[in-house]
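Data block below; observations after.
The values are calculated or read from the model by the stated rules, or taken from the named source; none is laboratory data. Keep in mind the model is a prediction, meaning the values are calculated, not measured. With ligands, DNA and RNA removed, areas are computed over all heavy atoms of the protein, side chains included. Shrake-Rupley method; radii C 1.70, N 1.55, O 1.52, S 1.80 Å.
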Amino acid sequence: VLNTFVVAEQKKEYRFAVAEGKKREQEQIEEIGTAKELAYTDALTGVYSRIAYVELEEKIDKKIADNEADNFALIVFDLNDLKLINDKLGHFTGDQYIINAINEIKNYFPTAPIYRFGGDEFFALIEGEDYKNRREVLDLFDKKIDNNYKTGEPIISTGISDYRQGLDNTFRAVFLRADERMYIRKRQLKE
């Protein structure tokens, strides 16, 4: 009889230890999720961070290598005159300029994931339904930016490039083409 009570108590302690272990494991999973979310989110703008960009590049490169990549385009955005704003008006004003610019981008590309890969450099991944209207929406965005010179709102240079199946063998190839086109637009805006 005494043995039965001892075994029953041991089972109870074991169940408690297992339940505590599961609770700690769940807490750790939640902490990892929070840490990953913080690492993948740009603190100033709330868009995806450089770390998320690196992971995206690896994921798309694998799809391209496996011949499983769907149609996509990249739009590169560069904020004009941020250094000048920071130097003349301070970094707080520069940060607000970045936030205003991102809000402008989000207005025109509300469902596209946006990544910050440099201080004033961003890009949007255009896929699915957004891919069909990408050029029309970009034209509207660029017209709005042309008007921003009059209103004092952020000036954002853009460049777009589509993934070309069979020709582009990496994400970076598409990115670099969009980046080159962004610099052409930047020169046009400065003129």
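Some observations on this one:
- For the chain, a Gaussian network of Cα nodes joined below 10 Å ranks Gly21, Gly152, Gly166 by mean-square fluctuation, and the top entry is Gly21.
- By accessible area, using a 1.4 Å probe on protein heavy atoms only, the chain has 53% of its surface on carbon and sulfur.
- Proximal lysines relative to Lys144, as straight alpha-carbon distance under 17 Å, when same-chain residues fewer than 8 apart are discounted: Lys106, Lys186, Lys190
- Convex hull projection area averaged over all views, the chain, Cα basis, nm²: 16.6 nm²
- Residues of type aspartates and glutamates that Lys83 reaches as a straight line, Cα spacing below 15 Å, ignoring anything fewer than 8 places off in the same chain: Asp95, Asp120, Glu121
- The string of couplings for region 120-131 from the Karplus curve (6.51, -1.76, 1.60, θ = phi - 60°) is 10, 10, 9, 8, 10, 8, 9, 9, x, 4, 4, 4 Hz, one whole number per residue in order, with x for Gly and Pro.
- Stretching the chain fully between Glu25 and Glu57 yields a gain of 8.4 nm (0.36 nm per residue, less the alpha carbon separation).
- Per residue, in Å², the accessible surface of the chain once ligands and nucleic acids are set aside, probe 1.4 Å: 63 Å²
- Partner aspartates and glutamates for Lys22 [C-alpha distance under 19 Å; skip if fewer than 8 residues away on the same chain]: Glu13, Glu30, Glu31
- Candidates Ala19, Ala52, Ala101: whichever shows maximal mean-square fluctuation once the chain is modelled as a Gaussian network with Cα springs under 10 Å: Ala19
- Here, region 84-156 is characterised by an Rg to Rh ratio of 1.00, where Rg is the alpha-carbon radius of gyration and Rh the Kirkwood radius.
- Taking amide H positions as modeled 1.01 Å from N, with prolines and chain starts lacking one, the residues under 5 Å from Val47 and 5 or more places away or on another chain are Asp42.
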